[in-house]
Amino acid sequence: MANETVQPGDVTQRVGVEVIRARGVDVEKLIKMLVANAAAEFASTYYYYTILRMNLAGHEDYKEICEDARLEDRAHWELIVPRIYELGGSLPNDLKAFHDQAGCRAAKLPDPPTAVNILTLLLESERCAIRSWIAVCDITFGKDPRTYDMASRILNEEIEHEAWFIELLAHERDGKSVPSGHFRRGTPGEAPYSKNRGFYNP
Ligand SMILES: [Fe+2]
Ligand SMILES: [Fe+2]
């Protein structure tokens, strides 16, 4: 049994890792994917969305939706980072190196920073997030319930984010109504699926 190779008192090995490796998870690959996704959440999304949101001045309704997406990406970051360490991985010590490993392109302020250009960027960045998180779901499904649970909760919100920005871009660019089904969050950035409040912020 794989989980019996860890000797009593051994702090260099993890049963939590051995059991998922025994079920076929490529743990090194998974850690790489999680670091890339964490970088995308923190650097690409949370950081750049802050700048993008600042430049939606005059569109207070868009700013409010953008704020939910921005804060929920921070929740994604906070949810997934502890998992990287549990798996025996770590974040790069160098912020620039970390930024450059992001699995999605940096969502830099477009030129000119019109609402249409900003919303297009936001939409495409949510689409990248959906693709990145479902890839984590794919390699953990049925093998690593803990990572799968986290990734699927994040994915829930990324899919909602895509729908929000489709609605806003269709309205702003095409004058079309493409409802997202968005209901107001209870508080900004509530992150109903991914918030780890229950674990770390009681
Ligand atoms: Fe996210
Ligand atoms: Fe998102």
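The values are calculated or read from the model by the stated rules, or taken from the named source; none is laboratory data. Fair warning: this is a prediction, and the values are worked out from it, not measured in the lab. Cβ coordinates were reconstructed from backbone atoms using ideal geometry, including for glycine residues, and neighbour counts include every protein chain displayed. Side chains are part of the model used for accessible areas, which takes the heavy atoms of the whole protein and leaves out ligands, DNA and RNA. Shrake-Rupley method; radii C 1.70, N 1.55, O 1.52, S 1.80 Å.
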Would you point out which residue out of 108, 143 is among the charged types (D, E, K, R), surrounded by 15 or more Cβ atoms within 10 Å (Cβ to Cβ) and touching a helix residue (DSSP H, G or I) at 6+ places or on another chain (Cβ under 7 Å)? 143
So for segment 72-83 (the condition being away from ligand 1 (no atom under 14 Å from the Cβ), buried (at least 16 other Cβ atoms within 10 Å of the Cβ) and more than 15 Å from the chain's Cα centre (by Cα)), does at least one residue qualify? no
Pair list, Cβ under 6 Å, 6 or more apart: segment 62-76 residue more than 14 Å from residue 182 (Cβ to Cβ) and assigned to a helix (DSSP H, G or I), other residue of a type outside the set (A, V, I, L, M, F, W, C) and open to solvent by less than 30 Å² (accessible area, probe 1.4 Å): 70/49; 71/189; 73/41; 73/45; 75/194; 76/41; 76/194
Conditions (1) under 16 Å from residue 66 (Cα atoms); (2) at pLDDT below 95; (3) within 12 Å of the chain's Cα centre (by Cα) -> residue 188 fails only (3)
With 176, 143 as the choices, which residue is without any contact (Cβ under 8 Å) to a residue 24 or more places away in the chain, over 13 Å from residue 68 (Cβ atoms) and assigned to a loop (DSSP other than H, G, I, E, B)? 176
Any residue at all in segment 5-23 that is buried (at least 18 other Cβ atoms within 10 Å of the Cβ) and touching a His at 6+ places or on another chain (Cβ under 8 Å)? no
